[in-house]
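K.L.:
Okay, here's the structure, questions in a sec.
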Amino acid sequence: MSSITTVAIVGGTGSLGTGLGARLAQPGIRVLIGSRDPERARQAAQTLNAALGRGAVEGWLNEEAVRQADLVVIAVPYEGHAKMIEDLADSLRGKLIVDAVVPLKKGRPFIPPAGSALLEARQILGAETPLVGALHNISALDLQDSAAALGDVLVCGDQETAKSTVIEMLAKIGARGLDAGPAANAYIIEGFTGVLIQLNRKYKSKHATLKITGIGD
Ligand SMILES: NC(=O)c1ccc[n+]([C@@H]2O[C@H](COP(=O)([O-])OP(=O)(O)OC[C@H]3O[C@@H](n4cnc5c(N)ncnc54)[C@H](OP(=O)(O)O)[C@@H]3O)[C@@H](O)[C@H]2O)c1
């Protein structure tokens, strides 16, 4: 898979989407903020462009953003996940998809019927779709602060090339991506976000994240 030039973020008006959008725009990636409401998307893009000092980010209806992108990040709350993937299925075919969704109910993780959000997306889109789980344990606050160091990103999925392309993209935003195995591992990685939320509560933080030592250090 060739290098990524255009990234759409479905649910890009939220905390993760705006932080990720700002980070991706910095090295010159074309960023398409997606929303269910095109006006909300345009406003989010305008705010990001004002902070960046240039017009690197565009706002679109989710479906239109997806159609123009090489890589699509799914960044909606779990309750909207399955319906969003179903609604966008036709436009998502042929794209590299990164699913960042964590199944949470009132801030607590749970395992959905498919086994994970990633496997739920695969059930809908089919096993041939290049689909990768990533960004679950990263802090949106860190993404939004261009000076903040980012946590490591565990990347899982069953297509090796897709994982390598995502790891390459993560390097461009200053995050170390690590191949964390097959899609079957997604429930562990998604669920670990619940532990990070608990740590934030306990230690009165807002951006606990994950760092793996012992690899390349
Ligand atoms: N925040 C973090 O630090 C973080 C870190 C790692 C992973 N995640 C995961 O990434 C995903 C996005 O997180 P977030 O904090 O950015 O979420 P968020 O701000 O609550 O929502 C993101 C966007 O999704 C859209 N949306 C909301 N409800 C929806 C629904 N029922 N159906 C479809 N779209 C809906 C909204 O955009 P429009 O109204 O404009 O369409 C909203 O701005 C979540 O699954 C979360 O678990 C978050």
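Matching residues to (1) more than 9 Å from the ligand (Cβ to nearest atom); (2) among the charged types (D, E, K, R); (3) not in a loop (DSSP other than H, G, I, E, B):
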position	(1), (2), (3)
3	yes, no, no
7	yes, no, yes
50	yes, no, yes
67	yes, yes, yes
89	yes, no, yes
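K.L.:
Going through the stretch 100-135 one residue at a time, which ones are in a loop (DSSP other than H, G, I, E, B) and either small (Gly, Ala, Ser) or away from the ligand (no atom under 16 Å from the Cβ) (or both)?
P.N.:
100, 107, 113, 114, 115, 116, 126, 127, 128, 129, 130, 134, listed by residue number.
K.L.:
Scan the stretch 152-182 for residues that are crowded, with 22+ Cβ neighbours inside 10 Å, farther than 17 Å from residue 209 by Cα and either touching a helix residue (DSSP H, G or I) at 6+ places or on another chain (Cβ under 7 Å) or of a type in the set (D, E, K, R) (or both) and jot them down.
P.N.:
Matches in the stretch 152-182: 156, 157, 163.
Residue by residue, here is whether (1) farther than 21 Å from residue 7 by Cα; (2) touching a Leu at 6+ places or on another chain (Cβ under 8 Å) holds:
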{"position": "164", "(1), (2)": "no, no"}
{"position": "176", "(1), (2)": "no, yes"}
{"position": "191", "(1), (2)": "yes, no"}
{"position": "196", "(1), (2)": "yes, yes"}
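K.L.:
Being out of contact with any Cys (no Cβ under 7 Å at 6 or more places or on another chain), surrounded by fewer than 19 Cβ atoms within 10 Å (Cβ to Cβ), within 27 Å of residue 92 (Cβ to Cβ) and modelled with pLDDT of 95 or more: is that true of residue 123 here?
P.N.:
So residue 123 passes the test.
K.L.:
I want to confirm something. Restricting to the stretch 136-151 and keeping residues that are more than 14 Å from residue 18 (Cβ to Cβ) and surrounded by 19 or more Cβ atoms within 10 Å (Cβ to Cβ), which single residue is nearest to the ligand (Cβ to nearest atom)?
P.N.:
Result: 136.
K.L.:
Could you tell me which numbered condition residue 55 fails, if it satisfies all but one of (1) farther than 24 Å from residue 159 by Cβ; (2) in contact (Cβ under 8 Å) with a residue 40 or more places away in the chain; (3) away from the ligand (no atom under 15 Å from the Cβ)?
P.N.:
Only one criterion is unmet by residue 55, namely (2).
The values are calculated or read from the model by the stated rules, or taken from the named source; none is laboratory data. Given the structure is predicted, the values throughout are model-derived calculations rather than measurements. With ideal geometry, Cβ positions are generated from the backbone for all residues, glycine too; neighbour counts draw on all protein chains shown.
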